[in-house]
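A.B. asks: Sharing a structure below in structure tokens format, with a few things to ask.
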Amino acid sequence: GNLNANPKNTTSENSIEKQIELLKNSVTPVPIGEDFLYIEESKLLLLIKFFPVIFIILVFCFALVLYFYLNTSEQYERNFLWVGMSKETAHQLGTPISSLMAWTEILKEEYQHEVGFQEIQKDIDRLELIADRFSKIGSRPKLETGELSNEIDYILSYMKPRISPHVEISVIHESNNLFALYNKQLIGWVIENLLKNAVDAMSGKGKLNINLVTENNNVILEITDTGIGIKKSHFQKVFKAGYTSKKRGWGLGLALARRIIEEYHNGKIFVKSSKSEFGTTMRIELRLLKKLKEKSQLK
């Protein structure tokens, strides 16, 4: 026979049998002689059974929240430190730049037509631009409409006399009227950084190609070198802070370049292609604002 634990007198045989059938499917009976004892677990016992699992889940959630908090806090402190260092650098550069500007004004009357003086003047202007870039780090840059071809021409006019004569540079503009929205100082810094990386990758000897075209309502800038190349597995790593293949440097160039292009300009920057010992193509995409056709210019 079957024996149910603590049966109520008011319960009919039919309901008892149903209850026993339910218990058979959910609990293991305890044999007592020829009979069986079915013990139904109480809600409290179920809670006690699952409490360790619930506790582990809660602890995991708490640890996850704590990790994200500490990680965010650490990242904020790092950003705050970099911003402070950048602004202090700009401040420290201000005094010697002002002094150099004063001296050039004195020398200008006698040497302004000399090539050496003109190059010194360009270097001073460059120092002013660098100080201005450092002072803007940490604040939202002001974006203005401009032609990228003008920025490229300006940067090359400064860089050409200062890089190896064994680097052959070619520039292809689809048009001189490719307008985009950008910050002149910051976009110039990104392009200059890519060009310097390309020259370094070629060890001062090779071909450097700069293409400026349009594609799908975007202005596309591609910089191709014939340098040592980048492994495919490193296409994303090169944009991480601290990554560098050079003996000197902090590995911040491409990390800052990505932040400038993607966060401040809503554009894209990535390694389009690269092959070991054959060179690399870096690509920047910005939204095209205006493209003046030659027909409209003639009118």
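A.B. asks: Does residue 192 meet the test of being charged (D, E, K, R), within 19 Å of the chain's Cα centre (by Cα) and under 16 Å from residue 153 (Cβ atoms)?
C.D. replies: Here the answer is yes, as residue 192 does meet what is asked.
A.B. asks: Those residues that are of a type in the set (A, V, I, L, M) and surrounded by fewer than 15 Cβ atoms within 10 Å (Cβ to Cβ), I need them from the stretch 210-225; list them, please.
C.D. replies: Residue satisfying the conditions is 213 alone.
A.B. asks: Scanning for something part of a helix (DSSP H, G or I), free of Cβ contacts under 8 Å to residues at least 40 places away in the same chain and surrounded by 15 or more Cβ atoms within 10 Å (Cβ to Cβ), does the stretch 136-150 turn up at least one residue?
C.D. replies: no
A.B. asks: What is the residue count in the stretch 159-189 for residues that are touching a Lys or Arg at 6+ places or on another chain (Cβ under 9 Å) and in a helix (DSSP H, G or I)?
C.D. replies: Number satisfying all stated conditions: 6.
A.B. asks: Please pick out the residue among 154, 111, 158 that is farther than 30 Å from residue 220 by Cα and without any contact (Cβ under 8 Å) to a residue 40 or more places away in the chain.
C.D. replies: After ruling out the rest, the residue left standing is 111.
A.B. asks: On to the next question. Name the one entry in 107, 186, 178, 148 that is over 25 Å from the mean Cα position of the chain (by Cα) and closer than 21 Å to residue 289 by Cβ. Walk me through how you get there before you give the answer.
C.D. replies: Numbers: 107 fails: closer than 21 Å to residue 289 by Cβ; 186 fails: over 25 Å from the mean Cα position of the chain (by Cα); 148 fails: over 25 Å from the mean Cα position of the chain (by Cα).
Answer to the selection: 178.
A.B. asks: Still on this structure: Can you tell me which of 155, 124 is more than 23 Å from residue 258 (Cα to Cα) and open to solvent by less than 80 Å² (accessible area, probe 1.4 Å)?
C.D. replies: The unique qualifying residue is 124.
A.B. asks: Just one of the numbered conditions (1) free of Cβ contacts under 8 Å to residues at least 24 places away in the same chain; (2) surrounded by fewer than 17 Cβ atoms within 10 Å (Cβ to Cβ) is not true of residue 258; which one?
C.D. replies: (2)
A.B. asks: For the subset of the stretch 258-294 comprising residues that are closer than 16 Å to residue 224 by Cβ, assigned to a loop (DSSP other than H, G, I, E, B) and of a type outside the set (D, E, K, R), which member is modelled with the highest pLDDT? Can you show your working first?
C.D. replies: First pass over the stretch 258-294, keeping only residues closer than 16 Å to residue 224 by Cβ: 269-285.
In the following step, the residues that additionally are assigned to a loop (DSSP other than H, G, I, E, B) were identified as 276-278.
If we keep only those that are of a type outside the set (D, E, K, R) too, we end up with 276, 278.
Numbers: 276: 81, 278: 86.
This residue is 278.
A.B. asks: Counting just the residues of the stretch 198-247 that are assigned to a helix (DSSP H, G or I) and without any contact (Cβ under 8 Å) to a residue 60 or more places away in the chain, which one comes out nearest to residue 133 (Cα to Cα)?
C.D. replies: 239
A.B. asks: Of all residues in the stretch 171-209, count the ones that are under 21 Å from residue 253 (Cβ atoms), open to solvent by 10 Å² or more (accessible area, probe 1.4 Å) and β-branched (Val, Ile, Thr).
C.D. replies: Going through the stretch 171-209 one residue at a time, the tally reaches 1.
Residues checked against (1) more than 19 Å from residue 16 (Cβ to Cβ); (2) at pLDDT below 75; (3) touching a His at 6+ places or on another chain (Cβ under 6 Å):
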residue	(1), (2), (3)
32	no, no, no
37	no, yes, no
46	yes, yes, no
62	yes, no, no
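The values are calculated or read from the model by the stated rules, or taken from the named source; none is laboratory data. It should be emphasised that the depicted structure is a prediction, and the values quoted were computed from it without experimental measurement. Note: ideal-geometry Cβ built from the backbone for every residue, glycine included; neighbour counts use all protein chains shown. Quick note on the areas: whole protein, heavy atoms, side chains included, nothing else; ligands and nucleic acids left out. Shrake-Rupley method; radii C 1.70, N 1.55, O 1.52, S 1.80 Å.
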